[in-house]
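Below is one structure; the comments refer to it alone.
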Amino acid sequence: MPSPLGHALAGMAAAWAADLIPGRRAWRTAPATASWYQRAGDGLTMACAALGASPDLDLLVHHHRTVTHSIGATLVIAFVAAAMAASQSRPISRVTLMCAGAYLTHLLLDWMATDTYVPQGIQALWPFSQSWYISGWDLFRQTARLHPLTAEEIVQNVKAIALEIAILGPVALGVWLVRVKALAGLAAEMPRRDHPPE
Ligand SMILES: [Zn+2]
């Protein structure tokens with residue numbers, strides 16, 4: 001299964017990909033003079049990166065790749081994102097898609113990865129099914145976490161992270177470049193569009 005870094009990168013790319021959808025998105029941009037953090041979509045993009053990595057928090061409760069790695073958990077995230085967007089007068093469908101999409105990338109990456117722990121894969125359809133799903137593609141390497149400070153596991157994890165960056169880096173960069181073009185010009189309209197009359 002991929003590392004938190006690879007998952008966070010995918011979550012961030014999902015947030016930027018959602019920005020490519022036309023509509024009320026001027027609030028997602030910032031002038032060229034703004035900081036990188038603001039231009040990248042600030043807190044919401046960071047939240048999507050965290051959402052991308054968050055399903056693996058289930059390691060703390062020793063129920064790995066079950067409930068948190070499912071369509072059921074994704075629906076809960078979507079509901080919470082919609083409620084938060086509504087409370088902050090942000091476009092509900094856009095924020096919901098962004099957050100649920102970022103969360104869903106985790107399931108997708110795990111499904112495409114090598115898994116050496118049985119049962120292999122994720123309980124993707126929980127609560128509708130308890131079955132485990134994995135593609136068998138082994139696109140991403142297994143990360144080690146039992147003895148992460150030993151030389152053997154450090155090498156294993158460095159190799160895994162390098163592969164994740166080699167695959168996901170160009171995807172994120174590509175989405176970023178298209179996003180810069182798509183949002184160009186919208187920043188100037190931001191004050192007017194930020195809180196438009198509904
Ligand atoms: Zn996972």
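The values are calculated or read from the model by the stated rules, or taken from the named source; none is laboratory data. These numbers were taken from a predicted model, which means no experiment stands behind them. Backbone-built Cβ (ideal geometry, glycine too); neighbour counts: all protein chains shown. SASA here: full protein model, heavy atoms, side chains in, ligands and nucleic acids out. Shrake-Rupley method; radii C 1.70, N 1.55, O 1.52, S 1.80 Å.
The amide H of residue 140, built 1.01 Å from its N in the peptide plane, has 113, 114 as neighbours under 5 Å, considering only residues 5 or more places off or on other chains. Ligands, DNA and RNA excluded, the heavy atoms of residue 65 present near 10 Å² of accessible surface to a 1.4 Å solvent probe.
Which FRET efficiency value, to the nearest 0.05, do you get for residue 166 and residue 83 by plugging their Cβ-Cβ distance into 1/(1 + (r/R0)^6) with R0 = 30 Å? For residue 166 and residue 83, the calculated efficiency is 0.20.
Principal-axis analysis of the Cα atoms of the chain puts helix 71-87 at an angle of about 20° to the longest axis. Put a plus charge on the Cβ of each Lys and Arg, a minus charge on the Cβ of each Asp and Glu, and nothing anywhere else: the dipole of the chain about its Cα centre is then about 680 debye.
The convex hull drawn around the Cα atoms of region 1-70, when projected onto a plane and averaged over every direction, covers 5.7 nm².
Suppose every Lys and Arg Cβ carries +1 and every Asp and Glu Cβ carries -1, with no other charges. What dipole size does region 98-171 come out with about its Cα centre, to the nearest 20 debye?
Working: 3 positive and 6 negative charges, 14 e Å.
Using only the charged Cβ atoms, the result is roughly 60 debye.
Taking the square roots of 5 times each eigenvalue of the Cα gyration tensor of region 29-116, largest first, gives ellipsoid semi-axes of 27, 16, 10 Å. With the convex hull drawn over the C-alpha atoms of the chain, the volume per residue is 129 Å³.
Just to make sure I understand: if all protein chains stay in place, what is the order of 164, 152 by accessible area at 1.4 Å, largest first? Walk me through the intermediate numbers first.
On the way: 164 0, 152 150 Å².
My answer, sorted largest first, is 152, 164.
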